[in-house]
Structure formats: structure tokens, C-alpha cells
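To keep things clear, I will list the structure first and then write my remarks on it.
Taken together, the values in this text are just the output of simple stated rules run on the coordinates, not laboratory data. Quick caveat: nothing in here was measured; it's all calculated off a predicted structure. When we count neighbours, we look across all protein chains shown, and the Cβ atoms used for this are built from the backbone with ideal geometry, even at glycine.
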Amino acid sequence: MHEYASAIALRYWLKKMGYPRLIIAGFLLFLFIMAPVTGSDLATQVTNVINRFSWNAVLVLAMVPMIHSGCGLNFGIPLGVLAGLLGGTLAIELGFTGPMSFVMAIVVSTPFAVLFGGGYGMLLNKIKGGEMMVATYVGLSSVSLMCIMWLLIPYRNPSIVMAYTGVGLRNMFALDSFYAGALSEFLKIDLNPLGINLVIPTGSILFFALLGLAVWAFLHTKTGTAMTAVGSNPTFARASGINVDRIRTLSVILSTWLGAVGVLTYQQGFGFVQLYTAPLNMTMPAVAAVLIGGASVNKASISNVIIGTLLFQGLVTMTPTVITALIHTDVSEVIRIIVSNGMVVYALTRKTEEAA
Amino acid sequence: MTNNGTPLLRMQNIKKDFFGNQVLTDINFTLEAGQVLGLCGENGAGKSTLMKILFGMDVIRETGGYDGDVLLNGQKTEFKTPFDALAAGIGMVHQEFSLIPGFTATENILLNREPKKKNVISEVFGDRLNTLDYKEMDRRSGEAIRKMGVEIDAGMTISSMPVGHKQFTEIARELSKDQLKLLILDEPTAVLTEKEAEALLESIRNMAAQGIAVIFITHRLHEILAVCDKVVVMRDGYVVKDVPAAEASVSDITRWMVGREVQKAAAAPAEPVRAENRDARVVMSIRNLWVDMPGETVRDVSLDIRDGEIFGIGGLAGQGKLGIPNGIMGLYQAGGTVEFDGKPIQLNSPRKCLDASLAFVSEDRRGVGLLLDESLEWNVAFPAMQIQNKFLKKYGPVRWRDEKAIHAVTKKYIDALEIKCTSSRQNARELSGGNQQKICLAKAFALEPRFLFVSEPTRGIDVGAKALVLDALKRFNRESGVTVVMISSELEELRQTCDRIAIISGGQVAGILPAADSSEDFGALMVSKVI
């Protein structure tokens, strides 16, 4: 009898966890076990995973508000990334350096994020039901437009403009004298002096914790509750006197702003700014991570974000070293693409299943 | 045409249940060739289920088939698909048109049964490339149209035809089938003007004269008397009357349709109308309300609802009774004036109505009434939280959800309404229909409204739950003094619960009667303005 109950509990737990999450967690565990076997240092691997987590977690968090309001997965996150890039480059252009440039980057990107997010939200309100498809193209087209703008906006700062002509921004530039490490160096725990190759970027993790807490708290307020209800059943929300379009727009602005802050967090950890078509590469990892974390097209929590980012980034950082050492072929990129795209397809099929 | 005393169609002891819910019990009747049978009954009496059995619709087989026999010319038959029924000479014209708008009447009438001519190409490549024989087609469709005895232009495209002609084209399509013996017409006059309906009745007589048997389903009872040879009245899955039309009158039929045991209902009106209501002040006055709700259009409704009463709104499906609360509460486009407590209510704005202490329990539980994937706590507390800032804790400008208060209020209603659930954190989707309905009521009660619309509160829930729901409503009305307007398709239920009942017919108020009035009077009102 006791065994019977535990069997039910196990099955319930399996269902709750979801197979993709279990498979990927299992694979990651396998990688961690294999790491010492292939001769790579476990501490270094853990450092890498934590590092990558701290870069990406805020971008993944940017998925949450739009999922809650029923706008689906934010395939239009490049729009938020562009706001972040504008904020970052303008802060540098205005002459800010060091950690102050990070603060100013967020400050400057905020009005852009609100503006972009507002327009994007109004667009999404006109095409309810097809949000994710349209969001994808919003991302693609806005990135293309900004490719032109990066050349046309009269930036002057010699450390970010093209070296020869002095016109237009470089494809990629280093942030060493600006906000590289603005967060990750803060309260950094470095165990190298003890002979352990482990570094924890405390500041970045704290920053994510702060934003995560803020989003969690927001979802517990009156407006946040309305947002979840709008996503759960818009007709119910409307019959309860909620202005559905307004709440949806608010969620899109929030997501876009988190995307802007997310890319700045990514850059301060990575140490470089990538422009032009680079924002397009931000979409799939963020979408896939939140899905692996157990979110669905219309439900997501902060724990989904944390678990998903750890699993996905773990996979991305571990495979190149471990698997390559094992089979002597670099398949990490292939695995990354299969996992991220496969995860999105899986999630979208779940959605139709639920609707039927 | 004659079968020496064997009737064309005999239905014998037909029984059908949907998952244990008996919808047809011991249906027996016969139909001779050339006879017109009028089939009537309230919505949900089982008419359409019966016709689906006769026509071999998939839904019958998928839900476990039926008991009893269908005999055609004395032969026991059981149609596996509608195609079998067509082959056996049964034609059916459904309420909704199934015509191709861009094709002419002729093309629609003979669709996929066109006479064809061989040509050079089809000699080589096969029959599929035969050309259509338009001359023969025109002749055949003309013949079918003549059978009806009406004039319609066979060359006109469907999209440019008036509604009536579309209906005739549908019927002509059935008539053009040579083997046609029995034609089922499901509310064919529902969309027609009076003149067109006249013509249709005339054509039914013509068809009957040519030996075709017709089953004619309609809510317009005088049409039955005008054209039918016999009348079969159904109620709650039983055939309650099977008489020659000559022996029936409109009032007889309505009595048979709606009257449960007429004497019983008349002897025990649920509760006498409370005296103080007679001259209680008017709390809501509705003037010239129109609502554009698909399938439930409200055309011109004026009502006065008195303080503290339970006011019933009844009528047949599709006549507009559901449009009234949906329009006033802002869920569908509406116009006219609504005054509550002397102040005008802004239409088309759910928020304004809720702010004015109105509340609405929708007939569409799953679509409008519930957050299926959220906890019962959320479902119960959400509107009150959003509209009245209840169940919130304030920290400066931040209004935080007060989980404890939400839990307490949900628990209170779970106990009060006897809602069966594992916990107040269970998702609404997992409850049964009756318990979901109670959650909808709890949601409205939590708003502590002064005025409550309840739309089809017992739709799709079992008998026991029905009594509980109605009881809860009555208690809410008596104890909190809340004015309740209850909209329901079930007249008996309204009569047991309400003080006064308005009957909506054709998007207008056909009349307002005290609940104790006889079923016949209500029945007469229901069909009085049917469009």
C-alpha cells in the first residue's frame, strides 16, 4: 500500500517535471560525471556554468511578463535588446565610464524600451492569437532597421566607432574601460588563491535575484494578478472589468525593458558589445531556456527561469569540453541548436494539445 | 406509392441516452406516404436527436447508438451514415444553409449529381473529364422547382438571392433526387418572411400531394395547423401527444409542449408573490435596449425590475433572452438606456456596471465565467479584488494580494454552497459542472452586489446540483435583499424560483406574467413573436 502511494507520487512528479526537463537534467548530470573522466577540471566547469547563468538569466526573465499576460513566448526580444544597445552605446557616447556607465546605460535604455514596448504591445493587441508569429518578424525587421541606424546615428566616441572612417559603430567592441564586470566584479568570490579554480560573480547573481524578486513581487500585486488572469482567460478578465489591452501592453513594455537590462547584464559579463545582426542570436536561447525550465506558452514562474537557464547554459558550456573530449568531434553547436529549436517545437505542440 | 397498409416510416420504441442522461424514451409514431407530420416541442425536448437517429448522423453512433427500431416500408433499417439515409430516399434540410454562394441555383441543386456528356478528352482520360450537360441540368432543376410550386430563377447565383429563395433551393436539391420519399425540414421557416413562409407551406402541400412524406419541425405552431396532417408533440424525451392536426389548436399544442403536470404546477406555484414587491420601487429600468449578440439578438426590450424581487426572463433559444444580461453588462455591443437606482448605466463597459454594484453570472461558464487553469481561490476572489480592492494589503502605493483573506472567503463559500473539491487551491477545470457553477455564483456573491444577473444557472448540471444552485440564489435574494434577474430556458425552473417572469420572443418582450400563471399562457407568449 505504501509502495503504491509512492508510485503515484513518482508518476505525478514525473508528469510535473516534464520529460524534456528530465532528459536534459539527466544529460547534464552525465556531463558533470564525465567531466573528471575526460580530464577537465570540475571546478572550472562549475565556474563556467555559473558565469553563463549570470549573463543570461535576466534575458530569460524577460520572457515571464508576456507569457503571463497571454502574449506567448517573446520572440520579439531583439526589440528589447536593441533598446539596451541604444542605452549602452549612448551612455558611452555621453562619456560615462566604469560602473557608472552601466547605471546610465540602464537609465538611457529605459525610455527606448518603454517606447518600443508600447508600440510593440499595441501591435500585438491587434493580432491576438498570432502573437508569436508576428513577434518573430518584429524582431527580425527591427534588427534590420537598426543595422542601418547604427551607421547613420552620428556617434563620435573613438572607442566605439569604425576605426578608419570614423562613421558608424563597429561590429563589436570591448567594454574594458566601460561597464565590463560592472556587476560580476562586485563582491566577487574567487577561490583561486585556495587552489580551487572556482569564481562566483556574486554581483551579477545578486542583480538577477533582485530583478527576479521584483517580477515575483509584481505578480503578487493587484495589477500582476490581473496580468495572470488576462493570460489565463481574457474573456473572464474583460467580464471582471479589466482593460485587457492595457494590461497586455504593460506586460510587453515590462518584457522589453527586461530584455534591455538583460542584454546589458550579458554584455557586462561577456565584456563585449555585439551590434548589427547579433541581437537575433539572443532569441532562441532565452525562449528555449524558459521552456526547459518547465514554463509553457501561457504559464511561467521565476523558478522556471532559474532552472531553465541553469540547464540550458549548463548544456551549452559543458558539451564543447566534455563531449568533444569524448568523441573528438565538436558537436556542441549541433546539440545547442537541436535542443533550443526542438524545445520550442515541443512547447508549441503542447499548446495546441491543450487547446483541443 | 401505396404499400397496402404498411406505413412509409415507423419509429418503434426508440430510446437514446447520452452518457446515462436519457434524452429519448419510448418514441413511437408512424408516417404514411404523402403525409405531413408536424413535430414540435420545447428546446431540448429531443426533436433534433430523434431526427439525427433517423438520418444516421455520426454523433449517434459515437455516443453508443440507440435502442428500438426504425422501419422503412416495413423493413428494419439502421443507417450507418447520412449517405445511407440519402440512398434510402430520406432528405433533410438543416436550419443552416449548406449552399455554395458563388454557384447558381441549378449548380447547387445538382451538385455532384450533374448529368454529363462524353467528349473527346474524357473518352481518352476517363469519366472524370466529362462535360456537364447544362441543358439537362436546367431541365432537372426546373422540374424540382416546379414540384415545390414556386417561382425562383434557377440561373441566379446563391449569393445574390433573398433568404427565402436560398431555402427553396435547399429544398429543391432534395426534391431533385428521384428516390426521395421522406423529407425532413428542420425549422425551414425560421429565417423566412411571412410571405415566403406562406409560399413554403404551399410547396409542402404540393410535395405531399405528389406522395412525398414530410416531417416538419417548427416553433410557429399555426404553420403546423395550416399544413400538417398530424401533430407529434415531444416533451423531455417523450412523445406526449400524437393526434391528427384537425383535432388540435395552438393553445392545445402549447399546453402539451410546456405543461408538465399542468394541474400540479398550477396548484403549487413555488411561492406566492410577496406582497411588498407589488409596489416596491423600480430599481432598474431598461428602455429600448438592443444588443448585437450573435444568435441571441435583442431588438427592442423595455423592462422595469423592482427592488428585492427575483425576476425571471424566459423564452425559446435564439429569441434574445441571453442577449439582455450580456448586453447590459457590456460583453456585447448594445444600445438604448439602462437606469440603475435612478442613475444611467454606461453600456459597453463591463467596468462601469461592476462599479455600480451589478454582477453577472454568465451562461458560458467555461468561456466567460471561470479561470479554468487557476485555483478556486483566484476564481472566487478575482473580480472583488480588481473592482473593489478587497483581499488586498496595502504597503504604500503597492497593493499586495492578501492570500489569507482570499483563502478565508473561498473557504466560506465552499462551505456555504457545499462545493465539492479537494481544496480551495484546486484548479477550477477539475470540478464537475455543477460545482463550477457554484464557483461562478460564489464569485458573484463575493462582490456583494446589489443586483445580480444569473444566466442559465442550471444549464448542463444534474438535478441535485440544480436544486442547490436555485436554493442558493433564493437564499441570497431573501437574506441579502439583492435583486436577482434569472434568465433560463427552463420555464418550470423560472416558475419555481421567480416572482414575475418576462417572456422574450423575437428579441422583444412578449409579456410579463406572475409565476403562478398557467403554462399555456407562457407557452403562447413564447411563440407569439418568433422570427
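With each pseudo-label sitting 7 Å past Cα toward Cβ, what's the B:Lys394-A:Thr324 distance in nm, one decimal?
Computed distance between label sites B:Lys394 and A:Thr324 equals 6.0 nm.
Taking H as built 1.01 Å from N, whose amide H comes closer than 5 Å to the amide H of B:Val454, not counting residues under 5 places away?
The list, which skips near neighbours in sequence, is B:Val361, B:Val485, B:Met486, B:Ile487.
From other protein chains only, count the Cβ atoms within 10 Å of every residue's Cβ in B:362-370, then give the mean.
Mean partner shielding for this stretch: 3.
Roughly how large, in nm² to one decimal, is the mean projection of the convex hull of the alpha-carbon atoms in chain A?
That works out to 21.7 nm².
Just checking the output field for B:371-383: average partner chain Cβ neighbours within 10 Å of each residue's Cβ?
4
Give, in nm to one decimal, the length gained when the segment between A:Met172 and A:Asp41 is fully stretched (0.36 nm per residue of separation minus the Cα-Cα distance).
So the extension gain works out to 44.1 nm.
If R₀ is 22 angstrom, what is the calculated FRET efficiency for the pair B:Lys412 and B:Ala467, using the beta carbon separation as r and rounding to 0.05?
So, using R0 = 22 Å, E works out to roughly 0.55.
Considering Cα pairs under 8 angstrom that are at least six residues apart, work out the relative contact order of region B:367-448 and quote it in whole percent.
It rounds to 44 percent for region B:367-448.
Quick one: if the Förster radius is 51 Å, what FRET efficiency do B:Leu132 and B:Asn348 give, using the C-beta to C-beta distance and rounding to 0.05?
The calculated FRET efficiency here is 0.50.
When the label point is put 7 Å from the Cα of B:Asp292 along its Cα-to-beta-carbon vector, which residues of region B:330-369 have a backbone N closer than 16 Å?
B:330-336, B:347-349
At 7 Å along Cα-to-Cβ for each site, give me the label-to-label distance between A:Ser144 and B:Ser518 in nm.
Taking the simple label geometry, A:Ser144 and B:Ser518 are separated by 7.7 nm.
Output ³J(HN,Hα) for region A:241-256: one whole-Hz value per residue in order, computed from phi by the Karplus curve 6.51 cos²θ - 1.76 cosθ + 1.60 with θ = phi - 60°, and x for Gly and Pro.
Calculated HN-Hα couplings, in order: x, 8, 7, 4, 5, 5, 5, 5, 4, 4, 5, 5, 4, 4, 4, 5 Hz.
Quick one: Karplus J couplings for region B:77-82, per residue in order, coefficients 6.51, -1.76, 1.60, θ = phi - 60°, nearest Hz, x for Gly and Pro?
10, 9, 7, 7, 9, x
At a 10 Å Cβ-Cβ cut-off, how would you order A:Phe30, B:Phe453, fewest neighbours first?
So the residues, fewest neighbours to most, are A:Phe30, B:Phe453.
What average count of beta carbons from other chains do you get within 10 Å of the Cβ of residues in A:240-248?
Per residue, the average neighbour count from other chains is 4.
Once you place label points 7 Å from the Cα toward the Cβ at B:Ser251 and B:Ser160, how far apart are they in nm?
5.0 nm
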